[in-house]
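Peer 1: Provided herewith is a single structure, encoded as structure tokens, for subsequent inquiry.
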Amino acid sequence: MTKPLCFVLMPFGQKPATGGKMIDFDAVYHNLIEPAIQAADLEPIRADEEVAGGIIHKPMFERLILCEYAVADLTTANANVFYELGLRHAVRPSSTILLFAKNTGQLPFDVAPLRSIPYEISADGKPGNIAAIAPILTERFQEARQHMTDSPVYQLVEGFPDIQRLKTDVFRDRVAYSEQVKKRLAEARKQGLDAVRAIEHSLGTIADTESGVVIDLFLSYRAVKGWQAMIELVPKMSPPLANTVMVQEQLGLALNRAGHGEDAEKVLRDVIEKRGSSSETYGILGRVYKDRWEAAAQKGEAFRAEGLLESAIDAYLKGFEADWRDAYPGINAVTLMELAEPPDPRCKDLLPVVAYAVERRIAAGKPDYWDYATQLELAVLAKDASAARKALAKALAALREGWEAETTARNLRLIIEARKRRGELAGWEPEIEVSLIHHVNS
């Protein structure tokens, strides 16, 4: 017997609340909301994290309208959550539960009077009073089974249209299908490009496929280095999805990896012009210039290489300045400063800033490969062998895809070559590079 579906409207990852306090919304979901939904004998469905750019697609509308129950976390007054809540209240008279984190700023005027459950946030950004709040949340779901009207639209506007005849069976089949495809993609990534391509061919018209599945396919091609397949997939997407910042950024990455650096630069510059600067966009643009610099240097085009190196450093610096919390463009900037002839003096001043940024990310919880890889490069730049080996062990333990190790090994190779030319190589750096290369295809 299938359980009723409960759609969860909330932010993903760590987001700052009013006053700057960081909230770990993934912990709020997994530690508080999901268990409470399951305790009420409901099946939770969370919005797809991958769908970016503020665009809500048909599958999202279906989930908002057709899920029997919904819960919305109003903390941080997230624009997407409020839009989705408004739509939900317009089409469902009952069965929508609200909650928010206390002491993180006032709720907007329009939703402040609504019946909401407050929960506490501890110092680490995670829900702090789960034992007290979870039973209340579960009880609220059980109350919702009595179909008490909670939508302010239905409460205030007499005779507002009621949608009762919904194609829930078809909807449930679509949800199950999407989850099956994502599991198949996870297996295909282990097998290689042909396996991922076979799944794309099984999907039919990409523009009509759920956006979460399309993004998973897109990033699966990235995982197996299917750069041309990524490029060819974008025109097949629905225009709103294809034009999101995330898709355009990754298209720029794929174009660059496929050897179309000028096209990649154009795509990324267009994103910056239309959507503004971001650490991710400038980080990928920096990589475009970095690849051109290496190619020019290998051809012996010294003056052109010098100009491209400056362009790469400038792009990475702008990315780091766009968001000091993102150490990725920062570490690339200081690495390239080390490679300049002579080394850029700004490197010494920037190193501790980048180190602090990555330390804060790690301390906030859920560090990933790039956090430890950044610490590894910082240790190599600081000529600290002990710290480099410790960071290497953590990075390899967190490695998800071989191309990640390949990228770090490539950066270390550039540092090693520069130090050889200057006679500054300590001797332990190559063993770090070899360890990374060993894991590229393992």
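Peer 1: Quick one: residue 225 ticks every box in (1) buried (at least 19 other Cβ atoms within 10 Å of the Cβ); (2) more than 23 Å from residue 59 (Cβ to Cβ); (3) touching a residue at least 40 places away in the same chain (Cβ under 8 Å); (4) not β-branched (Val, Ile, Thr) bar one, so which box is it?
Peer 2: Against the list (1) buried (at least 19 other Cβ atoms within 10 Å of the Cβ); (2) more than 23 Å from residue 59 (Cβ to Cβ); (3) touching a residue at least 40 places away in the same chain (Cβ under 8 Å); (4) not β-branched (Val, Ile, Thr), residue 225 comes up short only on (1).
Peer 1: So for the stretch 264-278 (the condition being assigned to a loop (DSSP other than H, G, I, E, B), under 21 Å from the mean Cα position of the chain (by Cα) and under 18 Å from residue 312 (Cα atoms)), does at least one residue qualify?
Peer 2: Yes; the residues of the stretch 264-278 include at least one that is assigned to a loop (DSSP other than H, G, I, E, B), under 21 Å from the mean Cα position of the chain (by Cα) and under 18 Å from residue 312 (Cα atoms).
Peer 1: If a residue has to be surrounded by 19 or more Cβ atoms within 10 Å (Cβ to Cβ), in a helix (DSSP H, G or I) and modelled with pLDDT of 80 or more to count, how many in the stretch 34-62 make the cut?
Peer 2: 2
Peer 1: Related question: Of everything in the stretch 162-220, what is touching an Asp or Glu at 6+ places or on another chain (Cβ under 7 Å) and either modelled with pLDDT of 95 or more or of a type in the set (Phe, Trp, Tyr) (or both)? Give them in sequence order.
Peer 2: Passing the criteria: only 171.
Peer 1: How many residues does the stretch 390-442 contain that are loosely packed, with under 13 Cβ neighbours inside 10 Å and closer than 29 Å to residue 226 by Cβ?
Peer 2: Final tally of qualifying residues: 6.
Peer 1: Just a yes or no: is a residue in the stretch 276-292 free of Cβ contacts under 8 Å to residues at least 12 places away in the same chain, more than 27 Å from residue 357 (Cα to Cα) and surrounded by fewer than 21 Cβ atoms within 10 Å (Cβ to Cβ)?
Peer 2: Scanning the stretch 276-292 turns up no residue that is free of Cβ contacts under 8 Å to residues at least 12 places away in the same chain, more than 27 Å from residue 357 (Cα to Cα) and surrounded by fewer than 21 Cβ atoms within 10 Å (Cβ to Cβ).
Peer 1: Quickly run through the stretch 307-328 and pick out the residues that are of a type in the set (D, E, K, R) and either under 22 Å from residue 417 (Cβ atoms) or not in a loop (DSSP other than H, G, I, E, B) (or both).
Peer 2: The answer is 310, 314, 318, 321.
Peer 1: Consider residue 304 against the criteria (1) part of a helix (DSSP H, G or I); (2) in contact (Cβ under 8 Å) with a residue 24 or more places away in the chain: it satisfies all of them except one. Which criterion is unmet?
Peer 2: Residue 304 satisfies all of (1) part of a helix (DSSP H, G or I); (2) in contact (Cβ under 8 Å) with a residue 24 or more places away in the chain except (2).
Peer 1: Could you tell me how many of the residues in the stretch 210-221 are assigned to a helix (DSSP H, G or I) and touching a residue at least 60 places away in the same chain (Cβ under 8 Å)?
Peer 2: Selection size over the stretch 210-221: 5.
Peer 1: Of the residues in the stretch 234-252, how many are aliphatic (A, V, I, L, M), surrounded by fewer than 21 Cβ atoms within 10 Å (Cβ to Cβ) and assigned to a helix (DSSP H, G or I)?
Peer 2: Adding up the residues that qualify gives 4.
Peer 1: Sticking with this one: For the stretch 339-366, enumerate the residues that are farther than 14 Å from residue 329 by Cβ, under 22 Å from the mean Cα position of the chain (by Cα) and aliphatic (A, V, I, L, M).
Peer 2: Those that are farther than 14 Å from residue 329 by Cβ, under 22 Å from the mean Cα position of the chain (by Cα) and aliphatic (A, V, I, L, M): 355, 362, 363, 364.
The values are calculated or read from the model by the stated rules, or taken from the named source; none is laboratory data. Bear in mind the structure is a predicted one, so any value in this text is a computation, not a measurement. Neighbour counts are summed over all protein chains in view; Cβ atoms, including those assigned to glycine, are modelled from backbone coordinates with ideal geometry.
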